[in-house]
1. What number does segment 77-122 give for Rg over Rh if you use C-alpha atoms and the Kirkwood radius?
2. Going highest first, how would you order 34-41, 81-88, 65-72, 156-163 by mean Cβ packing within 10 Å?
3. Using every pair of alpha-carbon atoms in segment 84-195, split the distances into 5 Å bins beginning at 0 and state the percent of pairs per bin, rounded to integers.
4. Hey, got a sec? Which GluC sites (Glu not before Pro) in segment 118-210 land in a DSSP loop and have at most 16 other Cβ atoms within 10 Å?
5. Assigning unit charges at the beta carbon (Lys, Arg +1; Asp, Glu -1) and nothing else, what dipole magnitude in debye, to the nearest 20, does the chain show about its Cα centre?
6. How would you classify segment 2-209 from its alpha-carbon gyration tensor, with a ≥ b ≥ c the square roots of the eigenvalues: rounded for a/c under 1.5, else prolate if a/b is greater than b/c, otherwise oblate?
7. Run lengths n ≥ 4 of DSSP H only: what is the helix-derived mean residue ellipticity at 222 nm for the chain, with -39500 (n - 2.57) per run over all residues, to the nearest 500?
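What follows is calculated from the coordinates using simple rules that are stated; it is not laboratory data. For clarity, every value in this text was computed on a predicted model and none was experimentally measured. Positions of Cβ are backbone-derived with ideal geometry, glycine not excepted, and every protein chain shown enters the neighbour counts.
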Amino acid sequence: MNVGHAVERRCVRGSHVNGIDWDAHDFHSVVELPDDYVVLNLSEGAPVTLFDGRTCTIGRYDELRPNVYNTPLFEGVRNIHMGIDIGGAIGTEVSAFADGTIHSFGYNAAAGDYGHVVITQHTLDGVDLWALFGHLDSGSTTGKMVGQQVSAGEVIGHFGRYTENGGWPPHVHIQLSYVEPETHDMPGVVSKDDHAQALEQYPDPQLVLGTLY
């Protein structure tokens, strides 16, 4: 478990990725982070209860997480994490990182699933990009419309409670996709067999969040 410090808003992974000049965009914070936060290492079997609702935590992208996903939804084989988790207090605001539209939203009810989800759509340098925000509260999906405009910095949701976010401690799962989702869902964790394809389809969210670890 490592402690992070102030966040760089521009990712230092190279400027052009999949046709987007990432360094040319000034993305808004999705979650306002404190100067210090805890970067979790769930590859070592650390309990998810470290998302305690008080400490701000970061769960890493492309991380193998043994013994974390144990409900029938995951079939015992999907355990490589394809998003970034930011943990904190119930009700923490989640904001759009760029101008865009609401692509889809809804409730994924299975045990261990996302609970309430909002997916936004953005066009950066002519390239379409979709962003999933999962584990939100019920109010996050109330009153929204497909195609609704959202602005950078606009609050689009809040961290949900255990009873409404799929059964997890309060946090938001943030996942990017170059491929349009068919509904308000993306596979947040994948199997070893699907890993290579998932890396192509779901890029590191630090491209918009900034370097977190």
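1. 0.98
2. 81-88, 156-163, 34-41, 65-72
3. 2, 13, 24, 26, 19, 11, 4, 1
4. Values: sites: Glu154, Glu164, Glu182, Glu200; in loops: Glu154, Glu164, Glu182.
Hits after loop and neighbour filter: Glu154, Glu182.
5. Values: 10 positive and 28 negative charges, 83 e Å.
Approximately 400 debye in magnitude.
6. In terms of gyration-tensor shape, rounded.
7. On the way: 2 runs with 11 residues, N = 213.
For the chain, the value works out to -1000 deg cm²/dmol.
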